[in-house]
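The values are calculated or read from the model by the stated rules, or taken from the named source; none is laboratory data. Computed from a predicted structure; not experimentally measured. All Cβ positions, even for glycine, are placed from backbone atoms using ideal geometry, and neighbour counts span all protein chains on display.
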Amino acid sequence: MKTTANILAWILAVLLAVIFLFAGGVKLLGSRAMVQEFTQIGAGQWLRYVTGVFEVSGAIGVLIPKYRFWVALQLAAVMVGATAINIWVLHTGPLARLTAVLLALSLVLAWLRRPQKENSELAQRGSSAGYRRVRTRA
């Protein structure tokens, strides 16, 4: 089961990395469609740059196992905002569905890579964790 979860996490990580590298790159490079979309949002082009940086850094971060949990949550937060804007500001249903799917995939990856308290405590204590040594009189 652990191996299956690890394989699934890597597949999701690579998939999300490709998608967010493309999506963030398009925003940072200032494609005409992205400039128009962020103009419609009305918050200014700074939001396009911030979103692009979060997406590109997220694309890189999901490929680093040590940071994968937190970066997946970062991408999920970005997708919460994107989904909300697509529904209530831009009124683009198909795009909202896409961002909702990316939100779900990011949350699945975060869940697969969530910190395991018991495992980290065992690793810190060593192999004898969970067993108390009882001193006996000889």
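Considering each of R125, R97, R68 in turn, give the residue that is at pLDDT below 95 and at negative phi.
R125
Given (1) under 27 Å from A43 (Cα atoms); (2) assigned to a helix (DSSP H, G or I); (3) over 9 Å from the mean Cα position of the chain (by Cα), where does H91 come up short, assuming only one miss?
If we test H91 against (1) under 27 Å from A43 (Cα atoms); (2) assigned to a helix (DSSP H, G or I); (3) over 9 Å from the mean Cα position of the chain (by Cα), just (2) comes out false.
Based on this model, can you work out whether L90 counts as under 25 Å from T3 (Cβ atoms), in contact (Cβ under 8 Å) with a residue 24 or more places away in the chain and of a type outside the set (D, E, K, R)?
no
Is it the case that S31 is more than 15 Å from L12 (Cβ to Cβ), of a type in the set (S, T, Y) and surrounded by 14 or more Cβ atoms within 10 Å (Cβ to Cβ)?
no
Under 16 Å from T99 (Cα atoms) and of a type in the set (S, T, N, Q): which single residue out of T39, T51 fits that description?
Exactly one residue qualifies, and that residue is T51.
Out of T39, T99, which single residue is farther than 30 Å from T3 by Cβ and surrounded by 18 or more Cβ atoms within 10 Å (Cβ to Cβ)?
Criteria check complete, one pass: T99.
Any chance you could count how many residues in the range 3-36 are without any contact (Cβ under 8 Å) to a residue 24 or more places away in the chain, more than 16 Å from T99 (Cβ to Cβ) and small (G, A, S)?
Qualifying residue count for the region: 2.
Output the number of residues of the range 42-55 satisfying the condition of being surrounded by fewer than 19 Cβ atoms within 10 Å (Cβ to Cβ) and either touching a residue at least 12 places away in the same chain (Cβ under 8 Å) or touching a helix residue (DSSP H, G or I) at 6+ places or on another chain (Cβ under 8 Å) (or both).
Number of matching residues: 6.
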